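The values are calculated or read from the model by the stated rules, or taken from the named source; none is laboratory data. As the structure is a prediction and not an experimental result, all values here were calculated from the model. Quick reminder, even Gly has a Cβ in these numbers, built from the backbone with ideal geometry, and neighbours come from all protein chains shown. Surface accessibility is based on the protein's heavy atoms, side chains included, excluding ligands, DNA and RNA. Shrake-Rupley method; radii C 1.70, N 1.55, O 1.52, S 1.80 Å.
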Amino acid sequence: MTRELVYTGFMTLDGVVDSPGGKVEGHRSGGWVFETEFVPEAYSLKGEELADTTALMFGRHSYEAFAPIWPKSEDHAAYQDLPKYVVSTGLTDADLVDDWGPTTILRSTEDVAELKRGTGGAIFIHGSAELARRLSDADLIDRYHLLVFPMLLGAGKSLFSKADRDKQQLRLEDSAAYSNGVVKLVYSVVR
């Protein structure tokens, strides 16, 4: 039995996951999540994920964006003591924040595969588009939790690569549409 690796994130209708929280993340249209009317039930997926999350995984850029904020955030308090994994070839232990529970640096896709072969529950990847593309191309992601927002950005980081790879079939596990135009899509990868 392997650990399940789940990507969770916000996406525009044209597949952009870049900078949903603000311009500081890099995209000129950053902050696009907050430009959509807030409807609490549209975010219920995030609360549901807490029960399944046993560890968190980030790429370097997402870790550097979240680490200064999430340890002090009441919305993310349940994540405080969970194990965290950062996939990076450049980060060192000295770069990690001290007040956010145990954090391990993984250096490669093979390190992620080895972690998956271990025991434990689901590992959730937040943000981290570049990491998610690499792990998807390596067939390591087991499930996608997507909140699709009703907008088109035209440019930015995409969750899915354009690599010429074998077809990957997905099975819809859950979906819902909300009054603000956000659509929840939960897919499992068919193996």
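May I ask you to say which residue of PHE58, PHE34 is over 13 Å from the mean Cα position of the chain (by Cα) and over 15 Å from SER158 (Cα atoms)?
PHE34
Collect the residues in the stretch 153-169 that are of a type outside the set (S, T, N, Q) and loosely packed, with under 13 Cβ neighbours inside 10 Å, keeping them in residue-number order.
GLY154, ALA155, LYS162, ALA163, ASP164, ARG165, ASP166, LYS167
Anything in the stretch 136-152 that is surrounded by 15 or more Cβ atoms within 10 Å (Cβ to Cβ) and in contact with a strand residue (DSSP E or B) (Cβ under 7 Å, 6 or more places away or on another chain)? List them, or say none.
Result: LEU140, ILE141, ASP142, ARG143, TYR144, HIS145, LEU146, LEU147, VAL148, PHE149, MET151.
Name the single residue that is most open to solvent (accessible area, probe 1.4 Å) among those in the stretch 25-42 being in contact (Cβ under 8 Å) with a residue 24 or more places away in the chain and in a helix (DSSP H, G or I).
For the stretch 25-42, the residue satisfying everything is GLU35.
Name the pairs: first residue in the stretch 148-163 and under 19 Å from GLY26 (Cα atoms), second residue outside any loop (DSSP other than H, G, I, E, B) and of a type in the set (A, V, I, L, M), Cβ to Cβ under 6 Å, at least 6 apart or on different chains?
Matching pairs, first to second residue: LEU153/VAL16; GLY156/VAL16; LYS157/ALA129; LEU159/ALA129; LEU159/ALA132.
In the stretch 135-191, what residues are within 22 Å of ALA122 (Cα to Cα), in a loop (DSSP other than H, G, I, E, B) and of a type outside the set (Asp, Glu)?
Passing the criteria: ALA138, LEU140, ILE141, LEU159, PHE160, GLN168, GLN169, VAL190, ARG191.
Taking the stretch 107-117, which residues are touching a residue at least 40 places away in the same chain (Cβ under 8 Å) and more than 22 Å from ALA78 (Cβ to Cβ)?
VAL112, LYS116, ARG117
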